Every structure is written in C-alpha cells, then in structure tokens.
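Colleague: Got a structure for you, written out below as structure tokens; questions coming shortly.
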Number of protein chains: 2
Amino acid sequence: MSQRDRDWMQRALMLAAHGIYTTHPNPNVGCVLVDADGVVVGEGWHHKAGEPHAEVHALRQAGLNARGATAYVTLEPCSHFGRTPPCALALIEAGVKRVVVAMQDPNPLVAGRGLQMLQQAGIAVCCGVMQAEAEAINLGFLKRMRTGLPYVRLKLAASLDGRTALANGQSQWITGPAARRDVQAWRARSSVILSGADTVLSDNPSLNVRWDELPAEVQSVYPYQALRQPLRVLVDGRGRIPASAKLFSLPGEVLVARQQAVAAWPQALTEWIGPTADNGKLDLQALMQELGRRGCNEVWVEAGRQLAGALLQAGLVDELLLYLAPKVLGDSALGLLHIAELDSLAQAPQLIWHDVQQIGDDLRLTLRPAVKEK
Amino acid sequence: MSQRDRDWMQRALMLAAHGIYTTHPNPNVGCVLVDADGVVVGEGWHHKAGEPHAEVHALRQAGLNARGATAYVTLEPCSHFGRTPPCALALIEAGVKRVVVAMQDPNPLVAGRGLQMLQQAGIAVCCGVMQAEAEAINLGFLKRMRTGLPYVRLKLAASLDGRTALANGQSQWITGPAARRDVQAWRARSSVILSGADTVLSDNPSLNVRWDELPAEVQSVYPYQALRQPLRVLVDGRGRIPASAKLFSLPGEVLVARQQAVAAWPQALTEWIGPTADNGKLDLQALMQELGRRGCNEVWVEAGRQLAGALLQAGLVDELLLYLAPKVLGDSALGLLHIAELDSLAQAPQLIWHDVQQIGDDLRLTLRPAVKEK
C-alpha cells in the first residue's frame, strides 16, 4: 500500500460522501478508476438504492479505458445479484488489473466473496487502505450489518447549566439558527427521526426535513428534487398521541411504536406493537432491533428528558450531540436528562469526547459512550 | 511600528508572563533591551511587589550597553517614586535611545506621564505595539485601575447535564485530576480565592494553593520558595461559618465578609462588615469595591450555586470557567446555578465563548458576558 494508493482512496471517500443524504438503506460507496499513467479514467458514487453502484458509474465513464486500470473502491465490491448485478463481475469483465479496497463488506451476502471473486479472476487485490475513514462514513450501515441494530444519535440542546426550558415551559429557542440548520442536516442524512409522546404532546413538532432550512453546503450537494423524508418513529407506548398531531399531516412515512394496538386509529400509518420492558414501558432494545430489520442505518433522536435518559441508560445511544447555548437559565428551569437516581458517582454513565465545534453562537459537543453497555 | 518591533515586544510579553504568580498587587511587566546591531543586551521582568521593576532588571544586565539601545516594555514605564524610583528616569539616565511600549499605564499615578518624561528627555517613544496582548496579561490590574473593581473569574464544574452533585450530596470528584491541577494554577495566579458559607459548611475546603498539586509547567516557573497564598475571602453574611472550619488553620490571610460583626470570634482574622443589598443579603458589589481598594486584581470564585448565581446575576462576573465532565448525572442531581426564576428566555444572562480546551478527560469552557451589565 503506497501513499499514492491512500491519495486515490481519499478521493474515492470524498466521492462516497456525496451519497450520505440519499443512499439509505444502502451504504455510501465511492470509486475511482486510474490508468497506468496515473490518469483518472472514471469515477462515481452510489446515489440511491436501486440505482447503479459506484463501480458501475465509474466503469461506464471509463469505457474501454478501464482495461488495465486500477480501481479504488471504499467498500468491497458486491458479489451477489441484488437489484443490480454484482460489481465484482463488472470489474472483471471490464478488464481492470488491480482493485484497492478500503474495507470488507460485513454484509453477510458479501463478506469477502467479492474480493475472492476478483482474486480468482487473476486481479491483484489490496484491502484495508484507509479502513478507519471508510468505517466512519458508514457507521450506521456497518453497525446494522454486524449487530442488526442501527447507529443511534441522541440530540440534546441546553443552556450552559444544562437546562432545556424555563419553569413556565418556554423552550423556543435556546439554541440559535445555525444550530437549527445543523440539526436539519443531521435529520436529512438519517434513516429515522425518532421522538416520543412527551415531545409531540408538548411541542407538536414536524420532525421532517425542510430543504429551505438545510445549511447551504448541504443544499449544494443535495438538490431539492432528491429530497427524501426519513421515516418518523414515535415512541408512544400508551397511545397518547392524538390523530391531530401535526406530523401526521406531513409527507413521509410514520411508524408509531406502541405496547398495544389503538383501535379505530383513523390514519393510514404503520403501527408497530412492541414488547413491554421490565420498567413497564415499551422495550426500546426491541424497537431498535425492529428498525434494524426494516433497513434503518442511522437513527436521529430528538426526544424529551424521559425518553432520552431511557435510551442512554439502556446503552442504546452510540453518539450524543449536545448543542450548548452560551446562556444561563438557572436551577428553576427544566433538566436535560432523566435517569434513575444514582447512589454513587461511579454509576454515572460515562462518555468520551469525540468532537467539539462552534456552530453559530452555540457549541456542539459530540460524545460517545466510554464503554458500550449492552 | 515594524515587524521587528512586534517580535521584540512578543519576547517582552513572554518575559512578563513569568510574573503572573508573584507580582500581586502589581502588574506583570517585561522588558527587552536591544542594541543597534539587533543584539539583546538586557532583559527582565517584574517578579514581586517591592522588588525592582522589569526595566531595572534589564538595565542592570545591560550595564553600559544600554547606551543607544532600544527598550521594549510591555507597560508604560512608571514616572513616580513608589517603593522604587521611576523607571522612566532610569531609562533616561542609562542613555536609551528609543522606547517602544505596548500600552499606557492607566494607573492614575502614571497615565502618560512616563511617556512624557521620556519624550521630554529627547527619547523616541512608540506606544501601542501589541496592545491587545499586553491588555490580556494584566486583565485584573487594568480593570482595577480603570474601575476600582477586580477582575472576577467564576469557576464551575459540572456533568454534561449541568449537575454538580448527586441528590445524596456526593460531589467528589466530578471532574478529573487534570482539571483539579488546572484549578490550582488559577488559584495560584489570583489575588483572592473567594467562596461562601454554603461551600464551607458542606465541603470544609482548604481554598489554598498546594504547590505539590500545581501542573508541572507551573511548578517549573514558580518555585516552591516563592509560593504566595492568595487572600481567602469568605462571604458569610449571617456569620454561619464555625471557627473550626479547616481553612482558618492554614497559612495565609483570611477576610470574612459579614453583614454584622460576630462577637467573641476567637481567631485573629480580618472581619469586614459590608452593607446589605436590596435582597437582604451582603452587597456583593460593595465587597468587590472593598477588594479593589485592598489592591486585589484577580478574584477566583469557587462557590455554591447560590453565591455563584448571585454574582452572575449582579453582573459581577468577568469570566466564567466551566469544567465539563463527560458523564451524565440525571435530573435528580443538584443544579449548577441558582438565579431568580426567569419569565422569558430573553432575560437569560447571555455570554460569549472565549476559549474551549480539553483538560485531561474534561472540557474547560471559558465564557465572558455578552454585554456587561453594571
């Protein structure tokens, strides 16, 4: 593996990232074809499930120039006939001489068979170039393939002193417009926007992606015509959400997760009846398994302090994003997270810092669990 | 003003910073003497009140080489006879040809007279080189000279969700050892360590500087022999702190601020009787004025949520340092700041981000008031 290989893979990763808003439930993949003189003869990325994979875009662009070229692909080429024929076969037929891959595809339908197919055709194969970076662009897909569960991001927003609303309930807006645009971008890339009955009852939110409110840099790579509404999932164990809630009237699918069916529900939405956990509430682990079965890679949670705390304490949160506003609300204001009362500091859920960024007037802190509790 | 002037002033500022732990109540000042060939012939910084000023150290080192040299000084040379003779005079007598100064000294005893004295002696004077940087190393001294009040830093430490202790009172340690060493460094540079009766009654803290616990980079510039204990100030309006409190038995001065004298107080400490504010408590503005009168430049506050919130709401905090631990305590745990309940978000005290640093496992957020309320 040479520095040149890393440079081309870097380019393939950059291409792959163009798909983050649209490939659900598929992974993001990029491909660059480089000829013997070090000239790019084709490149592409996977846009959308059902459409050609990255390798096919690049091969079409290269045409006969693919013969003898090296292909850089951010994920092992597929070996199975799905909605499209296997990419490993397409690379072989095009006469590619060498294939450099960032990582194996943990999808049980592939899992090394793509690389094997290429090697058996006499193609030189190198795997593992920039693997960490390739993992990072498909956190959700990879986790689902490995565990059956989606990658869950919990979004929180609070004042410096960890408060989300005044004692009188006023909560809009604690964070600024740039933070709200940033939230729109996270929603847009997710398979699911998840919330709970408390939030719907108190804020009546839309929980959708509003193209006009996306950051300009997202709009520039994600045209309005391609807009995809993530599945909205509502945790409503006891069936408290009224049919009049605003989000039911908006385009896009809704899944309501309940502990028992609500009779005579007037709307054409999907109801999922889940098991009850030890605490008497909906089993959140089972819900995440169900979302994994439905092909959901990334789940974006915007919930009140009960549901947010329950997900965190159940060890179901992979990433916590806290938007911190530079203001103080005081200790009469409402708290951020409800968890069962702790007897000692050693019991406190521990996280590690992953990223800190200023977003407009606010700070966005990204953390991941220190030790994944399961 | 040339780039060369800026480079030498940068060096003088670096020298000045050596004094931050020891110059109280004096400002930090550095001086570099450079001859016509661009060679440093002398340099120095102010170590300690009563000892020579920066210029004198540099002139002594230069000896006869000072003749014809340029002096770079981070603060206007003094013009008055204090505990030492005026530095402006010393520069004149040494035959310095040009003096470059970062900023005028707002001390009413100087305030331009030093520069005037130099100019009248035929010395070329240039003022304002790296003024912002020079302001930054003497925030406390400069604020006191301009307003009579010290520069107040409020230290807070909390979990991600803004909690300082469990419901059962357990609070040691939320932040890690690196954050506690960092706190020792802030204590060491301050004129005052200020706390309140609640904190003394619940934690019985020492509120002193412990040389062994200073960060290694501070120990390397601040020898054990030079250790200075800041004045400890206790806000104890109603006289609740018992004479047995640990901090009374430790070396260093203590000032207890009360609303009325406590009879038969057994210890030799300073009691200051302050006025009562509209809220029935000790007037904190009057306390800060008193500390300014006593020559205190920087006040470091480690207080509970009542006193911390009162200082913040009174507009007396110049800088807020929040150590944020990457853990969650939940909403049954105790809050960070008590302020009067707000009716609308627009009333919330607003700050702006000044600095964000990772300190060990914790994050240190530094903020300053967005608009100074007075």
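The values are calculated or read from the model by the stated rules, or taken from the named source; none is laboratory data. Keep in mind the model is a prediction, meaning the values are calculated, not measured. Cβ placement follows ideal geometry from the backbone for every residue including glycine, while neighbour counts extend to all protein chains displayed.
Colleague: Can you confirm whether region B:226-237 contains a residue that is within 25 Å of B:Leu363 (Cα to Cα) and away from every other protein chain (no Cβ under 14 Å)? So that I can check it myself, show each step before the final result.
Modeller: Initially, region B:226-237 is screened for residues within 25 Å of B:Leu363 (Cα to Cα), giving none.
Checking region B:226-237: not a single residue is within 25 Å of B:Leu363 (Cα to Cα) and away from every other protein chain (no Cβ under 14 Å).
Colleague: In the list A:Asp198, A:Asp182, A:Asp212, which residue meets the criterion of being charged (D, E, K, R) and modelled with pLDDT under 95? Give the derivation first.
Modeller: Details: A:Asp182 fails: modelled with pLDDT under 95; A:Asp212 fails: modelled with pLDDT under 95.
Just a single option satisfies the conditions, and that option is A:Asp198.
Colleague: Between a residue in region A:332-355 that is of a type in the set (Ser, Thr, Tyr) and any residue that is part of a loop (DSSP other than H, G, I, E, B), which pairs come within a Cβ distance under 7 Å, given they are 6 or more apart or on different chains?
Modeller: A:Ser332/A:Ala167; A:Ser332/B:Glu341; A:Ser344/B:Gln170
Colleague: Can you tell me which residue is nearest to B:Val235 (Cα to Cα) among those in region B:264-300 that are among the small types (Gly, Ala, Ser) and either part of a loop (DSSP other than H, G, I, E, B) or touching a strand residue (DSSP E or B) at 6+ places or on another chain (Cβ under 6 Å) (or both)? Step through it out loud before you land on a result.
Modeller: The initial filter retains those residues of region B:264-300 that are among the small types (Gly, Ala, Ser), namely B:264, B:268, B:274, B:277, B:280, B:286, B:292, B:295.
If we keep only those that are either part of a loop (DSSP other than H, G, I, E, B) or touching a strand residue (DSSP E or B) at 6+ places or on another chain (Cβ under 6 Å) (or both) as well, we get B:264, B:268, B:274, B:277, B:280, B:295.
Details: B:Ala264: 19, B:Ala268: 17, B:Gly274: 10, B:Ala277: 13, B:Gly280: 14, B:Gly295: 18 Å.
Result: B:Gly274.
Colleague: Within region B:267-276, is even one residue in contact (Cβ under 8 Å) with a residue 40 or more places away in the chain, out of contact with any His (no Cβ under 8 Å at 6 or more places or on another chain) and either of a type in the set (Val, Ile, Thr) or at negative phi (or both)? Explain how you work it out, then say what you get.
Modeller: Our first condition is that a residue be in contact (Cβ under 8 Å) with a residue 40 or more places away in the chain; within region B:267-276, this holds for none.
The answer is no; no qualifying residue exists.
Colleague: (1) more than 23 Å from A:Ser191 (Cβ to Cβ); (2) within 24 Å of the chain's Cα centre (by Cα): which one isn't true of A:Val29, the others all being true?
Modeller: Evaluating A:Val29 over (1) more than 23 Å from A:Ser191 (Cβ to Cβ); (2) within 24 Å of the chain's Cα centre (by Cα) leaves (1) as the failure.
Colleague: B:Tyr21 versus (1) more than 22 Å from B:Glu298 (Cα to Cα); (2) touching a helix residue (DSSP H, G or I) at 6+ places or on another chain (Cβ under 7 Å): which is the lone unmet condition?
Modeller: If we test B:Tyr21 against (1) more than 22 Å from B:Glu298 (Cα to Cα); (2) touching a helix residue (DSSP H, G or I) at 6+ places or on another chain (Cβ under 7 Å), just (1) comes out false.
Colleague: Can you name the residue in region A:215-238 that is aliphatic (A, V, I, L, M) and under 20 Å from A:Pro251 (Cα atoms) and, of all such residues, is surrounded by the fewest Cβ atoms within 10 Å (Cβ to Cβ)?
Modeller: Step one: filter region A:215-238 for residues aliphatic (A, V, I, L, M), giving A:216, A:218, A:221, A:226-227, A:231, A:233-235.
Adding the requirement that they be under 20 Å from A:Pro251 (Cα atoms) leaves A:226-227, A:231, A:233-235.
Details: A:Ala226: 12, A:Leu227: 17, A:Leu231: 21, A:Val233: 29, A:Leu234: 23, A:Val235: 27.
My answer is A:Ala226.
Colleague: Out of (1) surrounded by fewer than 16 Cβ atoms within 10 Å (Cβ to Cβ); (2) free of Cβ contacts under 8 Å to residues at least 40 places away in the same chain; (3) not in a helix (DSSP H, G or I), what's the single condition that is false for A:Pro251?
Modeller: (2)
Colleague: So, one more: When region B:195-206 is examined, which residues are found to be more than 22 Å from the chain's Cα centre (by Cα) and either surrounded by 15 or more Cβ atoms within 10 Å (Cβ to Cβ) or part of a loop (DSSP other than H, G, I, E, B) (or both)? First the steps, then the outcome.
Modeller: Step one: filter region B:195-206 for residues more than 22 Å from the chain's Cα centre (by Cα), giving B:197-198, B:200-204.
Within region B:195-206, B:Ala197, B:Asp198, B:Val200, B:Asp203, B:Asn204 qualify.
Colleague: Which of the residues that make up region A:27-40 are closer than 21 Å to A:Asn107 by Cα and out of contact with any Gly (no Cβ under 8 Å at 6 or more places or on another chain)? Spell out how you get there, then give the answer.
Modeller: In the first step, residues of region A:27-40 are kept if they are closer than 21 Å to A:Asn107 by Cα; the result is A:27-31.
Once the filter is applied, which keeps residues that are closer than 21 Å to A:Asn107 by Cα and out of contact with any Gly (no Cβ under 8 Å at 6 or more places or on another chain), region A:27-40 yields only A:Pro27.
Colleague: Let me ask something else. So, B:Ser244, is that one more than 9 Å from chain A (Cβ to nearest Cβ) and either more than 30 Å from A:Asp362 (Cα to Cα) or in a loop (DSSP other than H, G, I, E, B) (or both) or not?
Modeller: Working: more than 9 Å from chain A (Cβ to nearest Cβ): yes; either more than 30 Å from A:Asp362 (Cα to Cα) or in a loop (DSSP other than H, G, I, E, B) (or both): yes.
Yes, satisfied.
Colleague: Consider region B:134-161. How many of its residues are buried (at least 19 other Cβ atoms within 10 Å of the Cβ), away from chain A (no Cβ under 14 Å) and of a type outside the set (A, V, I, L, M, F, W, C)?
Modeller: We begin by selecting, within region B:134-161, every residue buried (at least 19 other Cβ atoms within 10 Å of the Cβ); these are B:134, B:137-138, B:140-145, B:149-161.
Narrowing further to those that are away from chain A (no Cβ under 14 Å): B:134, B:137-138, B:140-145, B:149-153.
Then keep just the ones that are of a type outside the set (A, V, I, L, M, F, W, C); that gives B:138, B:140, B:143-144, B:150-151, B:153.
Matching residues across region B:134-161 total 7.
Colleague: Sticking with this structure for a sec: Taking interchain pairs and intrachain pairs at least six residues apart, which have beta carbon atoms under 6 angstrom, with the first residue in region B:298-327 and touching a residue at least 40 places away in the same chain (Cβ under 8 Å) and the second among the β-branched types (Val, Ile, Thr) and part of a helix (DSSP H, G or I)?
Modeller: Listed pairs, sorted by first residue: B:Ala303/B:Thr199; B:Gly304/B:Thr199.
Colleague: What about B:Val192, is it surrounded by 16 or more Cβ atoms within 10 Å (Cβ to Cβ) and touching a Cys at 6+ places or on another chain (Cβ under 6 Å)? Full working, then the answer.
Modeller: Details: surrounded by 16 or more Cβ atoms within 10 Å (Cβ to Cβ): yes; touching a Cys at 6+ places or on another chain (Cβ under 6 Å): yes.
Spelling it out, B:Val192 is indeed surrounded by 16 or more Cβ atoms within 10 Å (Cβ to Cβ) and touching a Cys at 6+ places or on another chain (Cβ under 6 Å).
Colleague: Still on this structure, please answer the following. Kindly provide the set of residues from region B:98-120 that are touching a Ser or Thr at 6+ places or on another chain (Cβ under 7 Å) and free of Cβ contacts under 8 Å to residues at least 60 places away in the same chain, ordered by number. It would help to see each step written out before you state the result.
Modeller: To start, the set of residues in region B:98-120 that are touching a Ser or Thr at 6+ places or on another chain (Cβ under 7 Å) comprises B:98, B:100, B:102, B:110, B:113-114, B:117.
Answer for region B:98-120, where residues must be touching a Ser or Thr at 6+ places or on another chain (Cβ under 7 Å) and free of Cβ contacts under 8 Å to residues at least 60 places away in the same chain: B:Arg98, B:Val110, B:Arg113, B:Gly114, B:Met117.
Colleague: Run down A:Thr164, A:Thr199 and say which single residue is closer than 26 Å to A:Leu287 by Cβ, away from every other protein chain (no Cβ under 14 Å) and touching a helix residue (DSSP H, G or I) at 6+ places or on another chain (Cβ under 9 Å).
Modeller: Working: A:Thr164 fails: away from every other protein chain (no Cβ under 14 Å).
A:Thr199 is the lone residue from the list that is closer than 26 Å to A:Leu287 by Cβ, away from every other protein chain (no Cβ under 14 Å) and touching a helix residue (DSSP H, G or I) at 6+ places or on another chain (Cβ under 9 Å).
Colleague: Could I ask something else about it? Would you check which residues across region B:1-13 are surrounded by fewer than 21 Cβ atoms within 10 Å (Cβ to Cβ) and modelled with pLDDT of 95 or more and list them?
Modeller: Hits for region B:1-13 are B:Gln10, B:Arg11.
Colleague: Please count how many residues of region A:67-85 are among the aromatic types (Phe, Trp, Tyr) and crowded, with 24+ Cβ neighbours inside 10 Å.
Modeller: Step one: list which residues in region A:67-85 are among the aromatic types (Phe, Trp, Tyr), which gives A:72, A:81.
Applying the additional criterion that residues be crowded, with 24+ Cβ neighbours inside 10 Å yields A:72.
Result for region A:67-85: 1.
Colleague: Something else now. Among the residues of region B:86-125, how many are buried (at least 24 other Cβ atoms within 10 Å of the Cβ) and either in contact with a helix residue (DSSP H, G or I) (Cβ under 6 Å, 6 or more places away or on another chain) or more than 20 Å from B:Ile137 (Cβ to Cβ) (or both)?
Modeller: Looking only at that region, the number is 9.
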